[in-house]
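Taken together, the values in this text are just the output of simple stated rules run on the coordinates, not laboratory data. Keep in mind that what you see is a predicted model, and the values were worked out from it rather than measured. Cβ coordinates were reconstructed from backbone atoms using ideal geometry, including for glycine residues, and neighbour counts include every protein chain displayed.
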Amino acid sequence: MDIALENIARAAETIDPVFRGSPQYVDGQLCAELARRVLIKVETANPLRSFKGRGADFLAASLPAGQPVVCASAGNFGQALAYAGRGHGFPVDVFVSTRATPAKITRMRSLGATVHERDGDFTLAKDAAREHAERVGATFVEDGKEPAITEGAGSIAVELLTAGRAIDAVVIPVGDGALITGMARWLKEHSPATRIIGVCARGAPALALAWAGKTHSGPVDTIADTIADGIAVRVPVPEAVPRLRALVDDIVLVDDQAIRRAADTAFRALGLVLEPAGAAGLAAIAVHDIPGETIATVLTGSNV
């Protein structure tokens with residue numbers, strides 16, 4: 001396993017304090033609406049309004065200052081890398097699909113990134129980013145591939161276990177796989193009875209299919225047609241798939257209607273505005289019979 005427990009522990013102590021110690025609590029009104037005891041981890045209360053800053057900052061500490069960095073992003077990771085680059089002293093180019101949320105593109109630029117828009121979906125933007133990095137001699141960073149990004153995201157699990165209560169299941173949105181595998185690596189070691197359940201959008205099932213092995217010998221290449229742009233993955237990161245298979249107990253699907261309802265629930269019960277991917281965990285708890293008395297989930301972003 002290339003995700004190191006000691007690095008997750010170090011990330012929990014060393015990443016930028018603005019991303020650490022995010023709120024986590026059980027809300028009575030939310031529990032009543034879902035008819036379940038749910039512990040939420042709110043990863044929207046930081047300057048990026050998503051969890052992505054944890055992994056980007058942990059990775060950035062190991063990158064050489066001044067060396068240009070290139071990535072592809074649906075929006076949140078690009079913001080995180082731009083924020084980290086500004087703090088650690090390296091320029092960032094982000095490649096996005098022309099279908100990306102305009103507010104996320106604006107935010108990336110405001111954080112200092114040079115943003116390149118490309119026709120097609122996120123996968124094609126990633127291909128363009130990789131080609132650009134090779135052409136100009138920049139470092140290409142792929143979210144979901146780099147262990148340091150996954151280890152930074154795993155720091156969420158370190159904090160989650162400080163709640164002092166047994167957690168029967170953790171329900172985590174699955175996009176590139178960094179969040180769920182980082183958290184699962186820590187939880188499997190320190191809370192082995194906790195089930196790790198991933199959530200994919202029904203309109204973007206690539207990671208669920210790859211995890212289940214229900215594909216032919218070639219790489220997974222399915223659809224990515226969902227309002228949840230943060231988890232709209234058509235082609236999985238190859239390095240993420242064996243991690244998912246080793247660490248994740250189940251992956252469920254939720255449709256866009258369930259995601260919309262979950263976002264409405266979060267606004268009504270918690271007073272939180274969530275982007276669709278950020279509400280996917282709540283959607284899964286609402287529509288799937290997930291076993292256990294206490295279920296935790298991560299509210300991953302609010303860049304609507």
Once normalised by the length of the stretch 53-140, the mean sequence separation of its alpha carbon contacts under 8 Å that are 6 or more apart gives a contact order in percent of 32
According to the square roots a ≥ b ≥ c of the eigenvalues of the Cα gyration tensor, what is the shape class of the stretch 53-140, taking rounded for a/c under 1.5, prolate for a/b larger than b/c otherwise, and oblate for the remainder?
oblate
If r is the Cβ-Cβ distance from Thr106 to Ala166 and R0 is 41 Å, what FRET efficiency results, to the nearest 0.05?
0.45
Please enumerate, by chain and number, the lysines with C-alpha under 23 Å from the C-alpha of Lys104, excluding those fewer than 8 residues away in the same chain.
Lys41, Lys52, Lys126, Lys145
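Tell me the relative contact order for the chain as a rounded percent, counting alpha carbon contacts under 8 Å between residues six or more apart.
21
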The chain, Cα convex hull volume normalised per residue, Å³:
115
Given that compact globular proteins tend to follow 2.2 N^0.38 Å, what is the ratio of the alpha-carbon Rg of the stretch 1-111 to that value?
1.24
Cα→Cβ-extended label distance, 7 Å offset, between Asp2 and Gln257, nm:
4.1
Write down the Å³ per residue value for the convex hull defined by the alpha carbon atoms of the stretch 165-271.
104
The chain, helix-only ellipticity at 222 nm - DSSP H runs n ≥ 4, -39,500 (n - 2.57), divided by all residues, nearest 500:
-12500 deg cm²/dmol
Would you mind ranking Ser302, Ser62 by Cβ crowding within 10 Å, fewest neighbours first?
Ser62, Ser302
Suppose the chain between Val136 and Gln67 were pulled fully straight at 0.36 nm per residue; how much longer would it get relative to their current alpha carbon spacing?
23.7 nm
Spin-label point model (7 Å from Cα, Cβ direction): what's the Lys145 to Ser191 distance in nm?
3.2
